[in-house]
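Scroll down for the structure; my scribbles are underneath it.
Where a number appears in this text, it was derived from the coordinates with a stated rule and is not lab data. For clarity, every value in this text was computed on a predicted model and none was experimentally measured. Positions of Cβ are generated from backbone atoms using ideal geometry, with glycine treated the same way; all protein chains shown enter the neighbour counts.
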């Protein structure tokens, strides 16, 4: 596995095969998502790839957000032509475990998403969870806490005593990546954690992992 992981998304609506582009009911036009996951050894490779991505996205009309009073649950963007798109990307560094956003967002994720979820989609190894594994209700939250949280539900966990004045610093992707090159791609949104593990899952996860 390489150091940097980049996920890019582009999505919009395409004309219906039989009815064409429906201006009166845009949701009747099929939503399509172009997703790509790529890994790189160096930041120079990342920047080169993102420059090409930006050039490609510049051929689209940038979709605008709907007024918050007019938004429906599944329609947050105005797609008033087949060439209107939303695009965004997420870059992760396996060495520092840091992340940086660009564009608007990924289709199902943004910077408000639980960071454990983002780490899981970026950094989970190919052999950590069987391919196609079906999670039981609540089990995924337990896995996130075990793998990417504080590890308190792991077998043999012992609370560590950390000196009060000890600080840790990781090199940030922001130091290597210049957002000004892509500042017209959209504003990022605030981070927040949205999920918590449940105690009932701890024993199951201890036995499984």
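What order do you get for 93-104, 7-18 when each peptide is scored by the mean count of other beta carbon atoms within 10 Å, highest first? Each step should come with its number before you reach the end.
Details: 93-104: 18.6, 7-18: 16.1.
Per-residue mean Cβ counts within 10 Å order the peptides as 93-104, 7-18.
I want to check the label-to-label distance for residue 42 and residue 94. Put each point 7 Å from Cα in the C-beta direction and report it in nm to one decimal.
Placing both labels 7 Å beyond Cα along the Cβ direction yields 1.8 nm.
Note down the nm distance, to one decimal, between modelled labels 7 Å out along Cα→Cβ at residue 3 and at residue 16.
With each label point 7 Å from Cα toward Cβ, the separation is 5.1 nm.
At 0.36 nm per residue, and after removing the present C-alpha to C-alpha distance, how many nm does the segment from residue 31 to residue 107 gain when stretched out fully?
On the way: separation 76, 0.36 × 76 = 27.36 nm, distance 1.10 nm.
Contour length minus Cα-Cα distance gives 26.3 nm.
Rank by packing, highest mean first: peptides 32-45, 133-146, with packing defined as the count of other Cβ atoms within 10 Å averaged across residues.
Working: 32-45: 13.1, 133-146: 15.8.
Result, highest mean Cβ count within 10 Å first: 133-146, 32-45.
Give, in nm to one decimal, the length gained when the segment between residue 137 and residue 80 is fully stretched (0.36 nm per residue of separation minus the Cα-Cα distance). Walk me through the numbers on the way to the answer.
Numbers: separation 57, 0.36 × 57 = 20.52 nm, distance 3.83 nm.
Taking residue 137 through residue 80 to full extension adds about 16.7 nm, to one decimal.
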